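Everything on this sheet refers to the single structure shown next.
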Amino acid sequence: MAETAGDRMVRMLALIAYLEKNRGVPVEQVAEHFGVSTGQVLQDVDTLWVSGTPGYLHGDLIDFAADDREHHILTLTDARGMDRPLRLGPHEALALLTALRSLQANPGLTDDAVLASTTKKLARAAGQAAQAAEAVDVEAPSSSGADTPTHLPVVRRAVKKGRQLALTYVSASDTTSERVVDPLQLLTDSHRWFLLAWCHRAAGLRQFRLDRMLEVTMLEAKIDEHPDVALPGSAQPELESAPWHVRLVLAPRARWVAEQYPVAVVTDLEDGRFAVELDVVDLAWLHNLVLGLGPDVLAVEPADVAEGLRLRARSALEAYAQAGLVEDMPGTVL
């Protein structure tokens with residue numbers, strides 16, 4: 001997924017703290033530490049160099065040693081207070097505590113011991129906000145009997161104990177199969193439960209819906225080690241396979257699209273224009289997005305998707321014309 005402005009902001013704040021503790025660090029080492037390119041690190045530094053406290057004159061800005069920068073060495077000389085830890089306000093503490101309680105209501109989504117320790121520490125520091133959080137009624141997705149899969153308890157136990165599962169599973173194509181899996185993480189989209197597991201039959205990572213499991217047995221065997229498997233940082237499941245891969249070229253003022261929607265690729269073009277690539281499950285959703293953007297959409301690919309959008313737009317304009325809401329039909333649409 002493309003990096004959002006929020007992701008970059010978090011990294012730049014972390015960069016200040018890192019350079020405060022590590023002075024005179026080569027750009028390559030910083031890039032390796034944050035998992036980005038050297039060019040991205042230098043862009044972040046250049047942005048921080050013109051950021052600071054109100055007044056925004058020379059003495060108000062975050063500063064680096066210019067001579068070191070020319071030799072690809074980063075030395076922070078003035079953090080303008082950005083290296084000091086921030087305190088949570090009451091509303092922020094309340095929101096975090098409520099979110100943690102929601103996770104606690106769904107065991108198996110994360111490390112229970114870490115979750116309990118984090119909640120306890122935050123509650124101790126939050127004061128009255130902790131009491132307010134206790135008054136909030138948190139209802140877990142699994143609290144509704146209709147939405148609770150029969151096999152959720154045994155799957156939860158297997159995830160927690162690190163034990164293999166034997167499954168009788170029905171796929172989306174209505175094919176029944178027997179599988180042995182290493183359960184790694186439970187996921188939920190608030191409507192359905194999913195198990196992220198290493199499937200021994202497929203020899204790879206797979207996502208299984210719990211409501212498609214006919215039989216589940218927890219085995220005595222411990223799960224194997226999978227050091228190369230990266231688990232998602234979110235408890236949200238991946239979207240089902242998207243049948244359309246779409247590329248949109250957008251005007252500069254539509255930049256928010258790249259941050260608000262789960263786009264796969266963002267490419268900067270000339271004159272502030274940019275292109276986004278996204279996987280689309282529902283064309284009606286794409287039509288609404290593109291038509292809502294109006295003139296900010298400069299191009300659409302592939303051609304069959306663009307043609308469908310043209311027909312949808314022309315149909316809408318004809319309806320407006322019949323209602324007397326527009327005087328002339330444009331020569332081209334999209």
Condition first: in contact with a helix residue (DSSP H, G or I) (Cβ under 9 Å, 6 or more places away or on another chain) and either closer than 17 Å to Ser315 by Cα or part of a strand (DSSP E or B) (or both). Now tell me which residues in the stretch 257-283 satisfy that. Val266, Phe274, Val276, Leu278, Val280, Leu283
I'd like the full set of residues that are surrounded by fewer than 16 Cβ atoms within 10 Å (Cβ to Cβ) and within 17 Å of Ala14 (Cβ to Cβ), limited to the stretch 49-79. Trp49, Ser51
For Val263, indicate whether it is touching a Phe, Trp or Tyr at 6+ places or on another chain (Cβ under 8 Å) and either at pLDDT 90 or above or not assigned by TED's automatic domain parsing to the domain that holds Arg179 (or both). no
Do we have Pro302 as farther than 26 Å from Asp7 by Cβ and modelled with pLDDT under 85 here? no
Conditions: (1) at pLDDT 85 or above; (2) part of a strand (DSSP E or B); (3) of a type outside the set (Val, Ile, Thr). Leu187 meets all but one. Number of the miss? (1)
Would you mind stating whether Gln236 is of a type in the set (S, T, N, Q), outside the structural domain of Arg101 (by TED's automatic domain parsing) and at pLDDT 85 or above? no
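The values are calculated or read from the model by the stated rules, or taken from the named source; none is laboratory data. Predicted, not measured: the structure shown is a model, and the values here were computed from it. Cβ: placed from backbone, ideal geometry, glycine included. Neighbour counts: every protein chain shown.
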